[in-house]
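Q: Could you have a look at this structure, given as structure tokens, before my questions?
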Amino acid sequence: MSTPPLASGPEGPGALRPLLDTVLDALREGGEARGGPLPAGGPESVARRVRDALGDVLPEQGTEDALRVVVRALAEGAADPADPLCAAHLHCPPLAVATAADLAASALNPSMDSWDQAPAASELEALVTRALAQEIGADDALVTTGGTESNQLALLLAREAHAGVRLIHGANAHHSLPRAAWLLGLPDPVVVPAPAGTMDLAALDEALTELQGLRGSLLVAATAGTTDAGLIDPLPDIADLCEAHGTRLHIDAAYGGGLLFSDHHRGKLDGLDRAHTVTLDLHKLGWQPVAAGLLVVKDPHDLDALGHRADYLNADDDTEAGLPDLLGRSLRTSRRPDILKVAVTLKTLGRAGLGALVDQVCARAVELADLVEAHPGFELYDPPTLSTVLFRPAEASDEAVAAVRRTLLHEGRAVLGRALLDDRLWLKATLLNPHTRPGDLAALLKLVEGHTPR
Ligand SMILES: *Cc1c(COP(=O)(O)O)cnc(C)c1O
């Protein structure tokens with residue numbers, strides 16, 4: 001075999017073009033072979049097809065058609081979030097333009113840990129993060145791999161700003177928050193009840209009053225868009241309480257943050273600008289391929305805690321001579337320019353275009369909720385706040401609810417999530433596909449109806 005071609009350099013585009021044709025053909029063939037939102041047959045049959053397609057993982061001699069064969073197998077065995085009946089998780093169908101931009105990131109391969117690996121990408125990141133931070137009245141934001149890393153960084157910055165910080169979060173908070181407290185060696189978090197799905201204000205006030213006397217300081221983490229139900233904590237009231245108690249506030253808006261783009265819905269995020277740190281996640285309501293997380297930081301001095309020197313990346317004399325120092329922008333070293341696809345998306349769609357996508361998926365959720373309510377065979381949890389609808393077959397046991405979800409997965413017909421709320425199991429439809437039509441929603445309910453064991 002001759003030396004394989006590279007993705008960048010003068011020969012890069014010419015080498016990539018036929019390979020892209022191969023990839024696109026394999027995506028089409030694999031998707032057609034699947035013929036639905038998920039491969040049929042369950043984990044064992046999917047695993048067998050992948051094993052058969054892959055064969056020897058590291059053969060002595062390479063094979064020419066590996067790109068086609070492996071991509072096809074991946075596509076055939078994929079859960080495709082662009083299928084209207086794939087609606088379990090905050091797993092969005094990426095925009096074609098964002099995915100195309102991501103290809104350029106892979107081809108050029110800038111690494112965001114020093115200016116001499118990413119001269120333009122570092123400026124692009126500075127411009128876009130600043131603009132997004134300004135959407136919520138802050139000056140700066142870090143790029144992360146998603147909500148989990150953003151929440152970790154928020155806790156880290158709080159710990160560095162206030163030694164001995166203790167986290168207070170709602171029972172509705174994302175699991176990554178208590179996990180971050182564990183990772184950072186913080187005391188066990190205080191969990192505030194959320195009986196109606198959002199943080200209980202009286203209980204928060206009580207907890208803040210009670211803990212005030214203790215040593216150390218407090219960090220309240222609220223949620224704008226819960227993962228299970230898409231509910232938004234009462235942000236202005238929580239911000240008032242934090243102010244009254246002199247407590248730092250983090251808001252996890254990994255899901256709900258996308259509402260910022262919508263004139264119609266952004267009022268639901270009132271209070272977001274009062275947080276010290278805010279988690280955003282554009283691989284949810286932002287239609288980006290993973291990863292596209294952000295942590296917005298109100299006080300840029302908080303970021304001093306991440307300052308770090310490594311002579312080969314940001315020597316003092318290089319920095320003094322004007323080379324931007326990027327190492328303090330992340331805990332990672334090598335780092336993809338995930339901001340590229342975000343920049344391209346913002347500029348291609350504009351605020352109006354992104355807002356329209358948000359409005360569409362929220363409208364679909366209302367339509368699904370209406371269908372559920374109008375159907376005597378189903379029960380609705382609550383009218384949707386974001387784009388999540390929780391419902392269950394009326395009179396079904398939790399076991400039957402769990403079983404219908406797994407049957408639909410096994411047959412590859414629909415991908416629905418599950419949520420345990422009010423001590424009952426619900427089916428969860430997280431609608432993130434702006435191409436979904438009302439007829440798809442009716443079909444989804446029909447499938448559930450037809451597959452519920454009685
Ligand atoms: C999805 C989610 C996260 C985690 O984000 P990842 O991108 O999966 O790391 C955190 N918080 C909330 C509220 C989420 O919905």
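The values are calculated or read from the model by the stated rules, or taken from the named source; none is laboratory data. Computed from a predicted structure; not experimentally measured. Note that we place each Cβ from the backbone using ideal geometry, even for glycine, and neighbour counts take in every protein chain shown.
Q: Count, please, the residues in the stretch 140-170 that happen to be within 21 Å of Ile232 (Cα to Cα), of a type in the set (A, V, I, L, M) and within 20 Å of the chain's Cα centre (by Cα).
A: 2
Q: Next question, about the same structure. So which residues in the stretch 195-228 are within 16 Å of the ligand (Cβ to nearest atom) and either surrounded by 22 or more Cβ atoms within 10 Å (Cβ to Cβ) or hydroxyl-bearing (Ser, Thr, Tyr) (or both), if there are any at all?
A: Gly197, Thr198, Met199, Leu219, Val220, Ala221, Ala222, Thr223, Ala224, Gly225, Thr226, Thr227
Q: Does the stretch 444-454 include one or more residues that are closer than 17 Å to His89 by Cα and among the polar types (S, T, N, Q)?
A: no
Q: Select, from Gly197, Gly230, Gly185, the only residue that is over 14 Å from Ile251 (Cβ atoms) and touching a Phe, Trp or Tyr at 6+ places or on another chain (Cβ under 7 Å).
A: Gly230 is the lone residue from the list that is over 14 Å from Ile251 (Cβ atoms) and touching a Phe, Trp or Tyr at 6+ places or on another chain (Cβ under 7 Å).
Q: It is to be established whether one or more residues within the stretch 71-88 are within 16 Å of the ligand (Cβ to nearest atom) and either more than 30 Å from Arg49 (Cβ to Cβ) or surrounded by fewer than 19 Cβ atoms within 10 Å (Cβ to Cβ) (or both).
A: Checked the stretch 71-88: at least one residue is within 16 Å of the ligand (Cβ to nearest atom) and either more than 30 Å from Arg49 (Cβ to Cβ) or surrounded by fewer than 19 Cβ atoms within 10 Å (Cβ to Cβ) (or both).
Q: Quick check: is even one residue across the stretch 381-401 surrounded by fewer than 20 Cβ atoms within 10 Å (Cβ to Cβ), more than 22 Å from Cys86 (Cα to Cα), assigned by TED's automatic domain parsing to the domain that holds Arg424 and in contact with an Asp or Glu (Cβ under 6 Å, 6 or more places away or on another chain)?
A: yes
Q: Might you let me know whether the stretch 175-185 holds any residue that is crowded, with 22+ Cβ neighbours inside 10 Å and either hydroxyl-bearing (Ser, Thr, Tyr) or touching a residue at least 60 places away in the same chain (Cβ under 8 Å) (or both)?
A: There is at least one residue in the stretch 175-185 that is crowded, with 22+ Cβ neighbours inside 10 Å and either hydroxyl-bearing (Ser, Thr, Tyr) or touching a residue at least 60 places away in the same chain (Cβ under 8 Å) (or both).
Q: OK, next. Please give the number of the condition Leu380 fails out of (1) touching a strand residue (DSSP E or B) at 6+ places or on another chain (Cβ under 9 Å); (2) in contact (Cβ under 8 Å) with a residue 12 or more places away in the chain.
A: Leu380 satisfies every listed condition except (2).
Q: Scan the helices (runs of 4 or more DSSP H) fully inside the stretch 316-428 and keep the ones with 1 or more residues being of a type in the set (Lys, Arg) and modelled with pLDDT of 95 or more.
A: The helices (runs of 4 or more DSSP H) meeting that bar are 339-374, 398-410.
Q: Can Arg309 be described as part of a loop (DSSP other than H, G, I, E, B) and farther than 30 Å from Ala107 by Cβ?
A: yes
Q: Only residues in the stretch 133-154 that are assigned by TED's automatic domain parsing to the domain that holds Arg335 count as the first member; pair them with residues that are in a helix (DSSP H, G or I) and surrounded by fewer than 19 Cβ atoms within 10 Å (Cβ to Cβ), Cβ under 6 angstrom, at least 6 apart or cross-chain, and list the lot.
A: Correct list of pairs: Ile136/Asp273; Gly137/Asp273; Asp139/Pro300; Asp140/Pro300.
Q: Every residue in the stretch 112-133 that is of a type in the set (S, T, N, Q) and crowded, with 18+ Cβ neighbours inside 10 Å, please.
A: Listed by number, the residues that qualify are Ser114, Ser122, Thr129.
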